[in-house]
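*Asks:* This is the structure I have questions about; it appears just below.
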Amino acid sequence: MADKQMSASIKLPSEERMRMSIFVNGKKKELEIHPAARLVDILREQLHLTGTKISCGIGRCGACSVIMNGRLVNACLVRAYQANEKEIVTIEGLAEKGLHPIQQAFLEEGGFQCGYCTPGMIMAVKAILDQYPNPTNQQIVDGLSGNLCRCTGYSGIIRAVQKLAEKETSRLDSKC
């Protein structure tokens, strides 16, 4: 009898849950989730933010890129316990008030075709521009190196970033 009671109180690792607080696109979310759940699955399945795509699942393609506490991360590699109490910005968070300038530049410069990699690319561009308001071509290439696109050949994407950098430079020059 004691063995039955003891085994009933032992939780298997697959049954383990944790309370999680996460700030997604400026809103606090409280979840009860397995500590090893992937952030990409939490965003898509629990929070219904499907703009973050799942592709390779091993951090090589960048389709699942989001910004966590100001840094670009692959959401397929981040576990729930790592995202607890963190600020996450997804593609949906950029477009809350209409198209973000990065999205507009992608449209104008042909920076997407099928659109599957586009959310991750846009998040990568945001991270680049947050770090380097006027990035060099090498900084653009380096910043995009974790994101794969099989449709555009990157020319439109790079033109979009360059266009945004030119606008930023013009804006700063006009203030002087």
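*Asks:* Is it the case that some residue within region 74-82 is among the aromatic types (F, W, Y) and either more than 22 Å from P133 (Cα to Cα) or within 14 Å of the chain's Cα centre (by Cα) (or both)?
*Replies:* Within region 74-82, one or more residues are among the aromatic types (F, W, Y) and either more than 22 Å from P133 (Cα to Cα) or within 14 Å of the chain's Cα centre (by Cα) (or both).
*Asks:* Can you tell me which residues in region 143-170 are assigned to a helix (DSSP H, G or I) and among the basic types (K, R)?
*Replies:* Our first condition is that a residue be assigned to a helix (DSSP H, G or I); within region 143-170, this holds for 143-144, 155-170.
R159, K163, K167 - these are the residues of region 143-170 that are assigned to a helix (DSSP H, G or I) and among the basic types (K, R).
*Asks:* Hey, could you check region 129-166 for residues that are open to solvent by 30 Å² or more (accessible area, probe 1.4 Å) and of a type in the set (V, I, T) and say which is nearest to P119 (Cα to Cα)?
*Replies:* Per the stated criteria, the residue is I158.
*Asks:* Still on this model: Out of region 21-52, which residues are under 19 Å from E96 (Cα atoms), open to solvent by less than 30 Å² (accessible area, probe 1.4 Å) and out of contact with any helix residue (DSSP H, G or I) (no Cβ under 8 Å at 6 or more places or on another chain)?
*Replies:* Answer for region 21-52, where residues must be under 19 Å from E96 (Cα atoms), open to solvent by less than 30 Å² (accessible area, probe 1.4 Å) and out of contact with any helix residue (DSSP H, G or I) (no Cβ under 8 Å at 6 or more places or on another chain): just L43.
*Asks:* Could you figure out which of (1) surrounded by fewer than 14 Cβ atoms within 10 Å (Cβ to Cβ); (2) out of contact with any strand residue (DSSP E or B) (no Cβ under 9 Å at 6 or more places or on another chain) isn't true of S55?
*Replies:* (1)
*Asks:* How do the pairs read when you match residues in region 41-69 that are in contact (Cβ under 8 Å) with a residue 12 or more places away in the chain with residues anywhere that are open to solvent by 30 Å² or more (accessible area, probe 1.4 Å) and among the polar types (S, T, N, Q), using Cβ under 6 Å and keeping only pairs 6 or more apart or on different chains?
*Replies:* As it stands, the answer is G59/N74; C61/S55; A63/S55; C64/N74, since those pairs meet every condition given.
*Asks:* Quick one: would you say N84 is at pLDDT 95 or above and on the phi > 0 side of the Ramachandran plot? Walk me through it before giving the result.
*Replies:* Values: at pLDDT 95 or above: yes; on the phi > 0 side of the Ramachandran plot: no.
Against the criterion (at pLDDT 95 or above and on the phi > 0 side of the Ramachandran plot), N84 does not qualify.
*Asks:* Let me ask something else. List the number of the failed condition for G59; all other conditions in (1) closer than 28 Å to E16 by Cβ; (2) at pLDDT 95 or above; (3) not hydroxyl-bearing (S, T, Y) hold.
*Replies:* So the condition that G59 fails would be (2).
The values are calculated or read from the model by the stated rules, or taken from the named source; none is laboratory data. Since this is a predicted model, take the numbers as computed values, not measurements. For neighbour counting, all protein chains shown are included, and Cβ atoms are generated from backbone atoms with ideal geometry for every residue, glycine included. These area figures cover heavy atoms from the full protein model, side chains too; ligands, DNA and RNA do not enter into them. Shrake-Rupley method; radii C 1.70, N 1.55, O 1.52, S 1.80 Å.
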